[in-house]
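Chemist: Sharing a structure with you now.
Derivation of every value follows stated rules applied to the coordinates shown; laboratory data play no part. Note that the structure is a prediction, hence the values are computed from the model and not measured. Neighbour counts run over all protein chains shown; Cβ positions are idealised from the backbone, glycine included.
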Amino acid sequence: MRTQVHLQNLLFDQLERILKRDIHGAELEEEIKRGLAANEMAKTIITNGALMVKSVDALATLEYAPIMSEFPLLPAKKILEIKKEEQAESREKGKMKLLDARTNREAV
């Protein structure tokens, strides 16, 4: 079990086993217990995944801490978007300079 999709599939498989019409008594009780245990583990896995996302967000904030003073009220995600836009604009300006240089050389 390595992905959220796999976890989701396992939980749905467990639900299908519980909802089978031919399961009764002790076998049903056992499947319900297994389902509850799987549910608790799934909650832990999902909570851990959310914590990892928050950690990445915090690291991104630290990486762009120098520009935080410019945008103190923006979340890290928005700051990353702004930085990406700035980088794209910078690349575009670089391309334009190259085209201008090539045009000037061809004109000479």
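Chemist: Given a Förster distance of 35 Å, report the FRET efficiency between Asp100 and Ala60 from their Cβ-Cβ distance, rounded to the nearest 0.05.
Modeler: Values: r = 35 Å, r/R0 = 0.99.
Computed FRET efficiency for Asp100 and Ala60 comes out at 0.50.
Chemist: Mind sorting Leu98, Leu80, Leu15 by how few other Cβ atoms lie within 10 Å of their own Cβ, fewest first?
Modeler: Taking fewest neighbouring Cβ atoms as first place, the list is Leu98, Leu15, Leu80.
Chemist: Mind listing the phi-derived Karplus ³J(HN,Hα) values for segment 38-52, rounded to whole Hz, using 6.51, -1.76 and 1.60 with θ = phi - 60°, and x for any glycine or proline?
Modeler: With the stated coefficients, segment 38-52 comes to 4, 4, 5, 5, 4, 4, 5, 5, 5, 4, 5, x, 5, 5, 5 Hz.
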